[in-house]
Amino acid sequence: MNIKISMPLLVLLPVLAVTACLSSPQPGDSASFSIVERKEIIPSARTKNHAELLFSLVDVSQKGTLQKQLRKILYNGKSAETYLRLFTAEWKKAYNKAENERKTNLQWSYEEAHNLALTGSFAVIKRNTAVYKGDVHPDWHEKTYVIDLSVPVRQIFLKDIFTKEGIEKLSALADRELRRFSQIKTGRTLSPGTPLSRGIYSQDTVNLPENFYPAANGITFRWDPGEIAPSNEGAIEISLRWNEVNEHLSAKGRELAKMFNNSR
């Protein structure tokens, strides 16, 4: 069975159309960023099938702390061009190996799309990937990175935007929302204190992920399919409203909330 994947370049955040600028852009300006788009085809030597790779990647051309941090986060310190070249080479090796092993389904595909949003002194990058190597279903992943564009430029994590005590409170709020999510899916109440595995989840307790993003309605946490529940449950996302978490925010967290919160 041949399956052709067509993953849309998901616009979960506003995508910036980025162009070159003759003047030196400041970190955080839209002109600081560029988009690298590429389509690569790896042909099969013995069949009409092929592997198709599609890329739409965010990068920063100008040297400096923004370029260094973004490339460290997304490309292990390399440029987007180098990343996609090395990635394609690895896929070619894997594809040729599968062909030599006489694998039956050689209609492979990979898509990676980055969406970028700039709000005040923060950049939010969503990285969506879809991998298909002849399996029954494609493997979908989505990861969000929140970058503080003020000096020093850096990726920020939960410990940066919540107090230590706040993270403990946050876990209780997230537990409540996970129970609500399970109830919506199953129609059955998952009472506080009962193991989460009594609902749709594959574990009794769940830790907060660093895969989160700020939005107008609050802060959203995401788990990919198969991460905390069976894959057939799909991705799991829960949101906590800014007015619920406000008292648990650090100074940096209050700055972040101020940029995104439109409920005031």
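The values are calculated or read from the model by the stated rules, or taken from the named source; none is laboratory data. What you see is a predicted model, and the numbers here were worked out from it, not measured in a lab. When we count neighbours, we look across all protein chains shown, and the Cβ atoms used for this are built from the backbone with ideal geometry, even at glycine.
Values computed for the structure shown
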item: Extreme residue, farthest from residue 252 (Cα to Cα), among residues of the stretch 116-173 that are in contact with a helix residue (DSSP H, G or I) (Cβ under 8 Å, 6 or more places away or on another chain), acidic (Asp, Glu) and part of a helix (DSSP H, G or I); result: 165
item: Residue ID - nearest to residue 153 (Cα to Cα), chosen from residues in the stretch 61-78 that are in contact with a Lys or Arg (Cβ under 8 Å, 6 or more places away or on another chain) and surrounded by fewer than 18 Cβ atoms within 10 Å (Cβ to Cβ); result: 77
item: Total residues in the stretch 117-176, condition within 30 Å of residue 91 (Cβ to Cβ) and surrounded by 14 or more Cβ atoms within 10 Å (Cβ to Cβ); result: 24
item: Flag if residue 146 is closer than 25 Å to residue 262 by Cα and under 14 Å from the mean Cα position of the chain (by Cα); result: yes
item: Filter pass, residue 198 being touching a Leu at 6+ places or on another chain (Cβ under 7 Å) and surrounded by fewer than 18 Cβ atoms within 10 Å (Cβ to Cβ); result: yes
item: Criterion (without any contact (Cβ under 8 Å) to a residue 40 or more places away in the chain, among the small types (Gly, Ala, Ser), in contact with a helix residue (DSSP H, G or I) (Cβ under 7 Å, 6 or more places away or on another chain) and not assigned by TED's automatic domain parsing to the domain that holds residue 126) met by exactly one of 199, 187, 193; result: 199
